[in-house]
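Structure record follows, encoded as structure tokens.
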Amino acid sequence: MKQWRDALKKVAGFSGWNTQDYKTHKQLVDVIVEFICSIVVPDAIESTGDFEAFEVTKQAMYEIMKASTDDDVTAIGVYGMGGVGKTTMVKHVAAHARKSGIFDHVIMGVVSQNPDLKRIQDTLAELLGFELHEGTEIGRAARLSKEIKRRNKILIILDDIWERMELSDIGIPSYKELRKCKSKVLLTTRIRNVCHAMKCQEKINLTTLSEEDSWTLFVRNAGRSFESTNFEDVARRVAGECCGLPIALIAVARALGDKDLVEWKRAAQRLEKSHTANPEDYGEASKCIKLSYDYLKDEDYKSYFLLCCLFPEDFEIEIEDLFKYAIGKGLFRDADTIEEARDEADSVATHLKHCCLLLDGENNKFVRMHDVVRDTAIQIAQSEDGHGFLVKAGCGLKDWPRRLHEGYSAISLMANCIAKLPEKLVCPKLQILLLNSNSSIGEIPESFFQSPNELTVLDLTRTRISLLPQSFSLLTNLQALYLDRCFKFIDTSKLGELKKLEILSMRNSCFKGLSREIGDLTNLRMLDITSKSIDTVPSKVISKLHNLEELYMQGFWNWGSKVVGEGDETNAGFDEVTSLSNLRVLEVCIPDAECIPKDVEFNPNWVKFNICIGRDDKMKATDQYAHNSIFLKIDTISNLPDWFCNAVMTIAGSLQWRGCQRLIECFMEYEHGRLHGLKHLSVYGDYDHELMSVLTWVPKEPVFENLEELRLIGVDCRELCVGELPPGSLFNLKLLEVNCYNWGINVLLPSTLLQRLPNLEELNCCGMEEIEYVFGYGALFEPKHSKLRKIKLSRLPTVRSICNAPAPPAMFQNLEWLFIDYCHLRGSLFTSDVAQCLFQLKYIDIRYCPLLERIVEVSNKKIILPNLEELALFLLDMICYESATFDIECPSLERLCVFGCPKFLASYSDFHSRKEIELNSMGFRYPGSSQETRRNSYWSSISRRKQGQLNWF
């Protein structure tokens with residue numbers, strides 16, 4: 001403290017502050033910090049990723065950072081017009097505040113115009129690392145509030161608030177309670193008064209960009225230079241019409257980027273003549289987004305874009321759902337097949353994202369719509385001839401809207417609480433009706449569809465209807481019908497009258513069987529009857545659907561069997577599927593190989609499939625569009641007909657084989673020209689059979705060159721590879737998982753095999769009782785570019801060490817994640833030479849290893865693990881650390897957990913972390929987990945420390 005005071009006095013002295021003018025050191029420090037920040041903050045907060053900080057954003061960020069460090073400020077409000085970049089900016093500032101240690105946790109929930117409290121609560125809870133199981137909103141709010149108060153230094157971001165709300169309804173403690181745990185609320189809104197209503201102590205306005213910053217952003221997104229002064233003048237006119245709004249600048253720049261001067265002049269004229277739709281809010285953005293819409297390539301692009309606004313605000317729109325609506329509406333008719341149309345629709349979605357008309361979703365299966373863009377799309381749809389949309393999706397409606405306009409072409413009432421439909425639907429131009437996720441709708445009035453309409457898309461997913469009215473037969477133009485998850489639906493007979501129907505989806509509904517009338521739908525191109533409840537598909541129904549391109553019917557197993565209670569009536573045989581000459585996509589379950597016909601009239605051309613042969617509830621579901629998947633619960637592949645192997649094994653991308661007795665069959669299939677595209681292979685065997693024998697098969701050519709994941713579970717195997725594989729075999733293998741009881745040698749991966757796996761990134765080894773070493777190294781083996789990132793070792797009671805000899809340091813230079821439990825490792829995990837190369841190591845979790853003595857062997861070398869963030873040590877009787885004799889520096893360490901380690905006597909300060917180390921919760925991140933952190937119950941009992949040491953338990 002004396003040194004610190006002397007340093008402060010020295011700084012104050014040569015900087016011109018008189019220490020006598022301030023009552024406390026804190027007052028002096030605050031003055032110095034505020035002065036320095038006023039000078040350096042705009043440059044100190046740098047742009048990261050796609051974020052671009054301009055003058056107005058730098059100023060707003062500085063004010064937020066200043067408020068974040070002010071103990072008297074608990075609620076910060078950021079307001080500005082839609083599309084100005086509030087959300088992007090606060091995310092960037094929050095990341096900066098978290099990185100700099102101002103906050104330990106940052107959690108964020110989107111409120112929007114119609115707040116979904118349950119969704120917000122779930123999001124905040126997940127980001128804090130726990131789940132809410134309480135049944136009521138009050139109970140959930142109480143639990144969330146308790147968890148927030150239990151932690152310190154949390155920044156709670158509430159994005160897109162439209163009106164005053166009680167934070168306690170969500171589960172956010174009062175401002176007084178937040179102040180006690182050094183936490184704050186940061187909210188964004190388009191309406192300044194909301195900041196006042198929410199009692200924000202700081203109200204920060206994010207304004208539009210200056211003229212020069214607008215031009216910089218515009219040029220950057222246009223991706224071009226302007227060849228002449230005249231051209232640049234026109235472009236500046238266009239940029240000026242965007243009024244400094246980032247979302248408009250980006251959208252217009254990308255729409256016009258590759259156009260010639262004539263098009264730019266027309267765009268400038270159109271923008272200059274436009275009239276704002278809503279001058280009080282984001283009318284300027286609307287006209288710019290409208291221009292971007294006008295420049296879309298063709299009508300299919302425009303229609304596809306407008307379909308997006310039918311979903312609720314802030315909704316994660318599944319691209320497959322969007323595609324199904326588009327196909328039902330008649331888009332992409334130029335494509336020869338549904339699969340080609342799907343590819344074209346994906347290209348359109350990508351193009352719309354590039355134009356900033358759509359945003360990325362949580363993964364590549366979803367897209368989102370910015371609020372301003374969605375509002376503009378609704379305005380376009382309501383004003384243009386032939387569109388006329390009514391969108392009341394996710395608004396909490398309990399009653400059917402009054403006074404429907406007869407000119408509507410689309411009505412979206414999805415995700416509401418409507419229970420009763422009107423007696424008549426009078427909308428003669430109606431093409432799309434979306435009533436999905438109105439779980440209280442249990443009946444459709446008999447006269448509902450009797451008025452003329454042009455309905456082509458009808459979605460009744462997640463409703464409680466059990467029967468369809470007789471008037472359903474009047475929907476003569478219907479092309480797409482969705483009855484997914486209708487758990488009361490029982491009768492499919494009326495569907496046979498919809499002669500133009502092309503898409504029929506009844507996935508996970510509870511009907512027991514298809515009616516014979518389904519066979520009359522000869523225009524069907526897509527049929528989805530995937531369900532665990534379906535047990536009857538009458539014979540000669542599927543074979544009539546000769547235009548069928550996609551068939552999804554997993555859950556049906558009774559191919560060719562007799563229908564119970566129907567005399568001699570039988571279910572369809574699998575030969576009806578093979579007779580469909582247009583079929584391209586297939587998802588199906590087959591009880592055994594005997595159900596597959598020995599011969600077919602023509603070889604199928606299935607381009608995507610998910611086929612399960614043999615009942616097995618343990619089979620893991622895979623993404624139907626990620627890779628072609630085969631699940632086998634049969635003894636031998638040789639029982640499968642040649643035509644089937646040629647059609648399926650040749651293009652398979654994923655194979656799961658349970659009950660496998662001889663892996664050699666997979667290799668022989670490979671030699672026959674099959675399985676060459678395999679990327680994922682999982683083999684589940686029996687303990688009493690040998691997996692493969694080198695005496696019966698020796699590969700002559702490289703095998704499984706494209707394989708990326710290999711899992712061997714429960715197989716009885718001498719070793720992973722008997723003898724040497726030909727060069728190039730398993731070259732692209734990234735993940736290896738081995739869980740085998742018996743193992744013929746004491747090393748899992750000898751050097752002869754390791755050198756064949758240059759791209760291995762992840763190794764999981766579990767339940768092996770005979771191996772002593774994970775890696776074996778020969779004298780001449782020296783990996784130079786190891787890509788190994790993750791290692792998990794579990795339940796290896798005989799393992800002595802990770803390596804059977806001193807490991808080459810480069811072997812672990814990219815290791816990020818190490819998890820070890822229930823292993824009898826002895827001595828040290830790593831030599832000091834190897835530890836010098838652990839540059840990327842971020843997470844170490846070691847549990848129940850009673851003989852392990854050290855993480856790194858003792859030496860005179862100083863060990864630095866520069867990126868280690870989390871260290872967890874559980875029940876390690878022999879693990880030892882004494883800073884007096886050995887030194888490991890972890891400058892990035894954030895979380896430290898030590899439990900049941902009596903000889904681990906280091907102080908947390910001995911790790912020399914630049915960050916504040918969290919000691920009261922484990923907070924370990926498991927890569928690939930749905931939750932970023934998982935809390936450990938042990939930490940709830942932490943109540944004491946002893947002399948700053950970590951052997952508290």
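Numbers below:
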| item | result |
| --- | --- |
| Selection status of residue 188, under 23 Å from residue 358 (Cβ atoms), in contact (Cβ under 8 Å) with a residue 24 or more places away in the chain, of a type in the set (Ser, Thr, Tyr) and touching a helix residue (DSSP H, G or I) at 6+ places or on another chain (Cβ under 6 Å) | yes |
| Residues within the stretch 469-482 that are surrounded by fewer than 23 Cβ atoms within 10 Å (Cβ to Cβ) and closer than 18 Å to residue 418 by Cβ, tallied | 1 |
| Members of the stretch 361-373 that are touching a helix residue (DSSP H, G or I) at 6+ places or on another chain (Cβ under 8 Å) and part of a helix (DSSP H, G or I) | 372, 373 |
| Residues of the stretch 92-139 satisfying the condition of being of a type in the set (S, T, N, Q) and either at pLDDT below 90 or not in a helix (DSSP H, G or I) (or both) | 100, 112, 113, 114, 136 |
| Selection status of residue 314, crowded, with 17+ Cβ neighbours inside 10 Å, under 26 Å from residue 408 (Cβ atoms), touching a Ser or Thr at 6+ places or on another chain (Cβ under 7 Å) and not aliphatic (A, V, I, L, M) | yes |
| The stretch 70-91 residues that are at positive phi, paired with ones that are at pLDDT below 90 and among the small types (Gly, Ala, Ser) (beta carbon under 7 Å, 6 or more apart) | 83/248; 83/285 |
| Flag if residue 411 is open to solvent by less than 50 Å² (accessible area, probe 1.4 Å), in a loop (DSSP other than H, G, I, E, B) and modelled with pLDDT of 90 or more | no |
| Cβ pairs under 6 Å, 6+ apart, first in the stretch 206-217 and in contact (Cβ under 8 Å) with a residue 24 or more places away in the chain, second of a type in the set (Phe, Trp, Tyr) and in a loop (DSSP other than H, G, I, E, B) | 209/54; 213/54 |
| Unmet criterion (only one of (1) open to solvent by 60 Å² or more (accessible area, probe 1.4 Å); (2) in a strand (DSSP E or B)) for residue 601 | (2) |
| Qualifying positions in the stretch 424-455 - open to solvent by less than 20 Å² (accessible area, probe 1.4 Å), part of a loop (DSSP other than H, G, I, E, B) and either touching a residue at least 60 places away in the same chain (Cβ under 8 Å) or among the aromatic types (Phe, Trp, Tyr) (or both) | 448, 449 |
| Selection count where residues are open to solvent by less than 20 Å² (accessible area, probe 1.4 Å) and outside any helix (DSSP H, G or I), scope the stretch 323-360 | 6 |
| Residue count for the stretch 841-885, restricted to those that are of a type in the set (Phe, Trp, Tyr) and surrounded by fewer than 19 Cβ atoms within 10 Å (Cβ to Cβ) | 1 |
| Scope the stretch 823-840; condition buried (at least 17 other Cβ atoms within 10 Å of the Cβ) and within 33 Å of the chain's Cα centre (by Cα); matching residues | 837, 838 |
| Residue check for residue 587: within 19 Å of residue 630 (Cα to Cα), of a type in the set (D, E, K, R) and assigned to a strand (DSSP E or B) | yes |
| Pairs where the first residue, in the stretch 808-830, is in contact (Cβ under 8 Å) with a residue 40 or more places away in the chain and on the phi > 0 side of the Ramachandran plot and the second is outside any loop (DSSP other than H, G, I, E, B) and open to solvent by 40 Å² or more (accessible area, probe 1.4 Å), C-beta under 9 Å, 6+ apart | none |
| Checking residue 487 against (1) open to solvent by less than 10 Å² (accessible area, probe 1.4 Å); (2) aromatic (Phe, Trp, Tyr); (3) within 31 Å of the chain's Cα centre (by Cα), the condition it does not meet | (1) |
| Pairs with Cβ under 7 Å, 6+ apart, first in the stretch 898-910 and over 19 Å from residue 852 (Cβ atoms), second of a type in the set (Phe, Trp, Tyr) and part of a strand (DSSP E or B) | none |
| Complete set of residues in the stretch 700-719 that are open to solvent by 30 Å² or more (accessible area, probe 1.4 Å) and at pLDDT 65 or above | 700, 701, 702, 705, 706, 708, 709, 711, 713, 716 |
| Matching residues, the stretch 15-38, being farther than 26 Å from residue 61 by Cα and at pLDDT below 75 | 15, 16 |
| Condition check for residue 105: open to solvent by 20 Å² or more (accessible area, probe 1.4 Å), within 25 Å of residue 918 (Cβ to Cβ) and either aromatic (Phe, Trp, Tyr) or touching a strand residue (DSSP E or B) at 6+ places or on another chain (Cβ under 7 Å) (or both) | yes |
| Search result, residues across the stretch 140-172 that are under 13 Å from residue 128 (Cβ atoms), in a loop (DSSP other than H, G, I, E, B) and either open to solvent by 20 Å² or more (accessible area, probe 1.4 Å) or in contact with a Cys (Cβ under 9 Å, 6 or more places away or on another chain) (or both) | 151, 152, 153 |
| Those residues of the stretch 819-834 which are among the hydrophobic types (A, V, I, L, M, F, W, C), touching a strand residue (DSSP E or B) at 6+ places or on another chain (Cβ under 6 Å) and more than 18 Å from residue 896 (Cβ to Cβ), in sequence order | 823, 825, 830 |
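Conditions (1) open to solvent by less than 30 Å² (accessible area, probe 1.4 Å); (2) at pLDDT 90 or above; (3) not aliphatic (A, V, I, L, M), marked per residue:
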| residue | (1), (2), (3) |
| --- | --- |
| 40 | no, no, no |
| 45 | yes, no, no |
| 62 | no, yes, yes |
| 85 | yes, no, yes |
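The values are calculated or read from the model by the stated rules, or taken from the named source; none is laboratory data. As the structure is a computational prediction, the values presented were derived from the model and not from experiment. For neighbour counting, all protein chains shown are included, and Cβ atoms are generated from backbone atoms with ideal geometry for every residue, glycine included. SASA here: full protein model, heavy atoms, side chains in, ligands and nucleic acids out. Shrake-Rupley method; radii C 1.70, N 1.55, O 1.52, S 1.80 Å.
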